[in-house]
1. What GluC sites (Glu not before Pro) does the range 24-74 have in DSSP loop regions with at most 14 other beta carbons within 10 Å?
2. What ranking do Thr197, Thr31 get, fewest neighbouring Cβ atoms within 10 angstrom at the top?
3. Return a whole-number percent for the relative contact order of the range 183-247, with Cα pairs under 8 Å and 6 or more residues apart as the contact set.
4. How high is the relative contact order of the chain, in percent, counting Cα pairs under 8 Å that sit 6 or more residues apart?
5. Compute the acute angle (0 to 90°) between the alpha-carbon long axis of helix 88-100 and the principal axis of greatest extent of the alpha-carbon atoms of the chain; round to the nearest 10°.
6. Rounded to the nearest Å, what's the spacing between the alpha carbon centres of the range 121-148 and the range 32-82? Just the number, please.
7. Using modelled backbone amide H atoms (1.01 Å from N, in-plane), which distant-in-sequence or interchain residues come within less than 5 Å of Val148's amide H?
8. For the range 191-247, what log10 I(q)/I(0) values come out of the Debye formula at q = 0.18, 0.21, 0.24, 0.29 1/Å, with one point per alpha carbon and no solvent?
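Rule-based calculations on the coordinates, nothing more; no lab input. Everything numeric here is computed off the predicted structure, so don't read it as measured data. Cβ coordinates were reconstructed from backbone atoms using ideal geometry, including for glycine residues, and neighbour counts include every protein chain displayed.
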Amino acid sequence: MVYLALPPESIKDAPKQSFGHAYMTYRISNTGRLLRANTTAEYKGGLMYIDDNGAITGSGFLPGEIVRECMAHGFSGVVLDLSPGFPQDAALSISAVCVKHKLSVYVPPHFAHCPNSIVMLSTGISVGSLNGKLTSGIRQYGPDRVAVMLDYVRRDYTLPAKEENVQELTDSQLNALITKYRSPSFFSKELCTYYFTYRTANKAHLVLYDNAVSMKRKSALSESLGIKHTFMFYPHVKDILDRIFAK
């Protein structure tokens with residue numbers, strides 16, 4: 001199943017056929033309560049998508065609030081896109097109550113210890129091999145406990161390519177760099193994305209970026225490894241969605 005992660009402004013125009021929907025309309029407040037975005041869009045079924053602001057002061061009401069919201073909207077599961085600073089005991093409690101009510105639970109790798117959860121692995125890497133990362137995840141968690149977030153990458157790394165040396169780019173910023181430096185682009189089979197390099201003053205840069213071709217290859221790799229759950233952030237791919245999944 002391919003899920004489109006939908007912020008409130010994208011719900012109305014998202015395709016209804018062939019894709020599941022994960023509604024990014026929920027957040028956990030600093031006081032440990034469930035918040036819902038103010039939107040006029042109606043939605044039923046699919047997944048509830050929740051993020052947070054980090055540490056919270058309480059969480060006793062959260063599991064019940066989440067389950068009730070799932071029942072009200074017919075959600076089949078919950079994506080817990082929680083930051084590393086979110087309390088471990090709260091994450092475990094939410095996951096346990098959701099599983100008890102037969103709801104699927106998707107978590108980032110730092111909450112993989114939540115029982116019966118499905119671990120979401122990002123395809124946005126700058127070193128190593130995407131095939132190796134996904135294969136390692138399957139080996140570590142089991143084939144039925146792995147989902148993939150197909151990240152639509154636009155990143156400018158100051159070498160060496162470490163996460164603290166990265167700038168996220170907009171489409172216009174990426175196009176400006178391509179136009180200014182006229183560097184040839186190459187496809188990396190290991191990273192499963194396109195890249196080019198350029199220099200400014202005494203610094204070397206590596207730019208990674210995706211398009212319909214690389215996203216299609218990432219999707220095909222995930223499918224070839226038997227991964228059954230795939231997510232994409234709809235605003236990033238809405239203009240190329242038909243090309244990603246063209247037969």
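1. Values: sites: Glu42, Glu65, Glu69; in loops: Glu42.
The qualifying sites are Glu42.
2. Values: Thr197 15, Thr31 11.
Taking fewest neighbouring Cβ atoms as first place, the list is Thr31, Thr197.
3. Values: 56 pairs, mean separation 15.8, N = 65.
With pairs under 8 Å counted, the relative contact order is 24 percent.
4. Value for the chain: 17 percent.
5. Once rounded, one gets 70 degrees.
6. 26
7. Leu121, His229, Thr230, Phe231
8. The calculated log intensity ratios at q = 0.18, 0.21, 0.24, 0.29 Å⁻¹ are -0.70, -0.84, -0.99, -1.23.
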